[in-house]
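The values are calculated or read from the model by the stated rules, or taken from the named source; none is laboratory data. Model, not experiment: these values are computed from the prediction. Here Cβ is always computed from backbone atoms with ideal geometry, including for glycine, and neighbour counts include all displayed protein chains. For the accessible areas, the whole protein counts, side chains as well, though only heavy atoms, and no ligand, DNA or RNA atoms are used. Shrake-Rupley method; radii C 1.70, N 1.55, O 1.52, S 1.80 Å.
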Amino acid sequence: MPEKMIEFIREELESIRSAGLYKDERTLLSPQQVRLHTDDGEALNFCANNYLGLANHPEILQEAKNALDRYGYGMASVRFICGTQQVHKNLEEQVAKFLETEDTILYSSCFDANAGLFETLLDSDDAVISDRLNHASIIDGVRLCKAQRFRFNHADMGHLETQLKRAEKCRFRIIATDGVFSMDGDVAPLDEICDLAERYDAMVMVDDSHATGFFGPRGRGSLDYKNVLGRVDIITSTFGKALGGASGGFTSGKKEIVALLRQRSRPYLFSNSLSPVIAAATLKAIELITESPHLLEKLRENVAWFREKIQQAGYEIRPGDHPIIPIMLGDARLAHDMANQLLAEGVYVIGFSYPVVPKDQARIRIQISAAHEKQDLDRAVQAFKTVGQRLNVLKS
Ligand SMILES: *Cc1c(COP(=O)(O)O)cnc(C)c1O
């Protein structure tokens with residue numbers, strides 16, 4: 001490797017550090033759960049996507065252990081060679097049933113699901129019309145396809161309509177959006193998006209990673225919340241968040257779309273099968289959610305309670321129902337310092353800064369889980385009050 005290149009990389013790293021943007025990784029000494037042991041001490045976890053607490057749930061663990069004995073550890077194959085077991089087919093069927101679609105195809109991750117979607121369906125005669133704040137995996141998936149690209153300002157329906165008009169001459173149009181935007185916790189206006197899609201003969205694709213399994217009246221996600229189940233053509237999502245948190249993703253929708261993805265989608269054709277252990281445990285997660293309302297109810301109560309108390313403590317938050325609650329701070333270093341001080345008070349949250357969020361919109365993101373108890377939420381609010389006063393970020 002040329003010395004020049006190493007020098008270049010060192011300078012890049014230094015500039016990331018000096019801008020206060022360097023991301024350190026904390027090592028957990030315990031499983032993913034509310035009460036964490038980390039190499040920096042004990043803390044209550046408020047930054048996992050473990051919305052239902054299934055990542056270390058006894059029934060999920062037991063199912064995974066059973067699956068290990070029954071199906072083995074891994075498939076050592078892609079699906080179409082010798083990587084498909086009954087448990088994979090069952091999971092595809094149950095996801096489709098859960099989301100009220102025709103069929104589902106599994107991927108190693110939702111990132112892969114998005115990476116393999118657009119290229120398979122669209123050509124240079126077609127158009128993708130994307131929300132500006134869409135997840136990186138949608139952006140990359142769109143980059144990989146030859147379709148013409150249009151972007152609309154975040155959740156701006158007037159601007160979406162303008163872009164739909166600009167794309168009117170194209171053969172096919174797909175509107176692509178996150179269901180819930182991970183950095184703000186806001187829900188896409190899917191009802192209005194579906195109306196516009198009908199008017200301009202476009203398809204709708206929703207990545208529902210931050211909603212599948214826990215959001216909406218029956219946990220079916222943002223489509224459930226906005227009452228548009230059956231009106232969205234393509235849903236992608238992850239098993240790596242609420243549905244057990246291991247890994248894996250999927251694309252769900254019309255059976256013809258899923259059938260074509262199995263033939264042509266590159267991350268499906270050229271990447272390994274999901275482990276049967278994950279497939280079986282994810283099936284158990286869907287069963288737990290479907291058969292008992294308890295987890296969803298507890299999450300809803302926790303979210304409502306925390307949103308109310310954090311405002312009483314002097315923080316302004318955007319109204320909503322989602323367990324993602326951002327505390328906007330602006331400055332990257334302030335967000336970083338505040339997260340460190342909260343950790344010293346026993347509350348683990350992360351400061352997010354560029355490039356994960358736009359420059360000057362640094363924030364701390366709080367995530368509530370069904371695994372939190374009231375006393376955990378109470379302790380977090382207290383810590384936010386103490387640190388907020390010290391750093392002078394509370395509303396006067
Ligand atoms: C987390 C997330 C992903 C990535 O999911 P993986 O299964 O971890 O690859 C994709 N899209 C959105 C919107 C996400 O929030």
Practice prompt. Could you grab me the full set of residues in the stretch 167-213 that are under 28 Å from S108 (Cβ atoms), among the small types (G, A, S) and either open to solvent by 10 Å² or more (accessible area, probe 1.4 Å) or assigned to a loop (DSSP other than H, G, I, E, B) (or both)?
Written response: G179, S182, G185, A188, S209, A211, G213
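Being of a type outside the set (V, I, T) and more than 29 Å from P323 (Cα to Cα): is that true of C170 here?
Values: of a type outside the set (V, I, T): yes; more than 29 Å from P323 (Cα to Cα): yes.
Against the criterion (of a type outside the set (V, I, T) and more than 29 Å from P323 (Cα to Cα)), C170 qualifies.
Taking the residues in the stretch 147-166 that are part of a loop (DSSP other than H, G, I, E, B) and not polar (S, T, N, Q) as candidates, determine which candidate is farthest from G351 (Cα to Cα).
Step one: list which residues in the stretch 147-166 are part of a loop (DSSP other than H, G, I, E, B), which gives 147, 153-156.
Next cut, not polar (S, T, N, Q) only: 147, 154-156.
Values: A147: 36, H154: 22, A155: 24, D156: 27 Å.
In this case the residue turns out to be A147.
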Item to complete: May I ask you to list pairs of residues, at least six apart or on different chains, whose Cβ atoms are under 7 Å apart, with the first in the stretch 218-231 being among the acidic types (D, E) and the second being surrounded by fewer than 24 Cβ atoms within 10 Å (Cβ to Cβ)?
Response: D224/G216; D224/P217; D224/R218
Fill in: Number of the condition not met by A113 [criteria: (1) under 28 Å from A176 (Cβ atoms); (2) more than 16 Å from the ligand (Cβ to nearest atom)]
(2)
Worksheet item: Restricting attention to the stretch 224-249, and to residues there that are part of a loop (DSSP other than H, G, I, E, B) and over 16 Å from I60 (Cβ atoms), which single residue is nearest to the ligand (Cβ to nearest atom)?
Response: V232
Practice prompt. Of all residues in the stretch 191-213, count the ones that are away from the ligand (no atom under 16 Å from the Cβ) and within 23 Å of V357 (Cβ to Cβ).
Written response: 0
Worksheet entry | The lone exception for T104 - which of (1) farther than 24 Å from S273 by Cβ; (2) among the β-branched types (V, I, T); (3) part of a strand (DSSP E or B) it fails | (1)
Fill in: Filter result (more than 8 Å from the ligand (Cβ to nearest atom), closer than 14 Å to T212 by Cβ and touching a residue at least 60 places away in the same chain (Cβ under 8 Å)) within the stretch 181-190
V187
Worksheet item: Looking at the stretch 214-223, which of its residues are open to solvent by less than 10 Å² (accessible area, probe 1.4 Å) and away from the ligand (no atom under 15 Å from the Cβ)?
Response: G216, G219
Worksheet item: closer than 30 Å to L52 by Cα, within 16 Å of the ligand (Cβ to nearest atom) and open to solvent by less than 30 Å² (accessible area, probe 1.4 Å): does that describe A155?
Response: no
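Among S130, S109, which is open to solvent by less than 50 Å² (accessible area, probe 1.4 Å) and within 30 Å of M75 (Cα to Cα)? Lay out the reasoning, then the answer.
Numbers: S130 fails: within 30 Å of M75 (Cα to Cα).
Within the list S130, S109, the selection yields S109.
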